[in-house]
1. What is the residue count in the stretch 24-69 for residues that are at pLDDT 90 or above, under 19 Å from Glu104 (Cα atoms) and open to solvent by less than 70 Å² (accessible area, probe 1.4 Å)?
2. So how many residues does the stretch 85-114 have that are modelled with pLDDT under 85, open to solvent by less than 90 Å² (accessible area, probe 1.4 Å) and over 16 Å from Asn54 (Cβ atoms)?
3. Is at least one residue of the stretch 146-163 farther than 19 Å from Gly40 by Cβ, of a type outside the set (Gly, Ala, Ser) and either in contact with a Phe, Trp or Tyr (Cβ under 8 Å, 6 or more places away or on another chain) or modelled with pLDDT of 95 or more (or both)?
4. Output the residues belonging to the stretch 115-125 that are open to solvent by less than 70 Å² (accessible area, probe 1.4 Å) and either at pLDDT 95 or above or among the basic types (Lys, Arg) (or both).
5. Answer with yes or no whether Phe135 is assigned to a loop (DSSP other than H, G, I, E, B) and open to solvent by 60 Å² or more (accessible area, probe 1.4 Å).
6. Please work out if Ile145 is in contact with a Leu (Cβ under 7 Å, 6 or more places away or on another chain) and in a strand (DSSP E or B).
7. Just to be sure I understand, how many residues within the stretch 157-172 are assigned to a strand (DSSP E or B) and open to solvent by 60 Å² or more (accessible area, probe 1.4 Å)?
8. Restricting to the stretch 159-178, count the residues that are without any contact (Cβ under 8 Å) to a residue 60 or more places away in the chain and more than 16 Å from the chain's Cα centre (by Cα).
Amino acid sequence: MPGKSSFLKMKRFGLTITMIAIFTILSTNIQAGVWKNSVGATGGIYSAEGFGSNFYYGLRFNHYFNKWHYFVEGSLGFSSIQSSVLEDIGAFQVFETQNLTTYEFLFGYDMKPLGGFPYFVVGVANINQGGQSKFSYILGLGKQIPLAQFFNTKRLGVRYDIRDQIFKQQVNNTDSFISHNLMFTLGLQYYF
């Protein structure tokens, strides 16, 4: 189906351009002396439902507003769906590749930015899992901990995230089902 593949590529390209435009507009509103943006690198575990867990790494951009109580985030992540489950059923071709790529766009709420209570995120993602693109909803929680609270550095922080990517999955010609791919990550943020 070349038509469907072209449509998915155009949809992905449109989502990427939209995210870049939004972040460009938001990042122009920086006030002197107040950091409203951050970029970060993250690593952790990506658990693809039914296929096992693998190492995950990615990049994130955040824009904060209303005294850091709200934020938007765009992220790009990479992993693999290589697993013993797929190797055991090796006689069947389940996916074209073992690569996994995610593009996420999230909205977050942090009731206490410098407190111990976690923030919550909701959003959407495009998951390219083994050559199959899927639209996904995201629910999650996490926490950013600026290192200025502990060290003499104001521009760095650490963060953890737990996210659930929820989407409809179909493997070969089986019935479709709702899949929950979980991510557990730890990262380093740079504020500007």
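The values are calculated or read from the model by the stated rules, or taken from the named source; none is laboratory data. Being a predicted model, the structure only gives us computed values, none of them experimental. Please note: Cβ atoms are built from the backbone with ideal geometry, for glycine as well, and neighbour counts cover all protein chains shown. The area values use the complete protein model at the heavy-atom level, side chains included, leaving out ligands, DNA and RNA. Shrake-Rupley method; radii C 1.70, N 1.55, O 1.52, S 1.80 Å.
1. Qualifying residue count for the region: 18.
2. Of the residues in that region, 2 qualify.
3. Taking the stretch 146-163 first, the residues farther than 19 Å from Gly40 by Cβ are 152.
Then drop every residue that is not of a type outside the set (Gly, Ala, Ser), which leaves 152.
Going one step further and asking which of them are either in contact with a Phe, Trp or Tyr (Cβ under 8 Å, 6 or more places away or on another chain) or modelled with pLDDT of 95 or more (or both), we end up with none.
No, there is no match, as no residue in the stretch 146-163 is farther than 19 Å from Gly40 by Cβ, of a type outside the set (Gly, Ala, Ser) and either in contact with a Phe, Trp or Tyr (Cβ under 8 Å, 6 or more places away or on another chain) or modelled with pLDDT of 95 or more (or both).
4. Filtering the stretch 115-125 for residues open to solvent by less than 70 Å² (accessible area, probe 1.4 Å) gives 115, 118-119, 121, 123-125.
Passing the criteria: Pro118, Tyr119, Val121, Gly123, Val124, Ala125.
5. Values: assigned to a loop (DSSP other than H, G, I, E, B): no; open to solvent by 60 Å² or more (accessible area, probe 1.4 Å): yes.
For Phe135, the condition - assigned to a loop (DSSP other than H, G, I, E, B) and open to solvent by 60 Å² or more (accessible area, probe 1.4 Å) - is not met.
6. Details: in contact with a Leu (Cβ under 7 Å, 6 or more places away or on another chain): no; in a strand (DSSP E or B): yes.
In short, no.
7. 3
8. So the first thing to find is which residues in the stretch 159-178 are without any contact (Cβ under 8 Å) to a residue 60 or more places away in the chain, and the list is 160, 162-164, 166-168, 170, 173-178.
Within this subset, residues satisfying the condition of being more than 16 Å from the chain's Cα centre (by Cα) are 168, 170, 173-178.
Number satisfying all stated conditions: 8.
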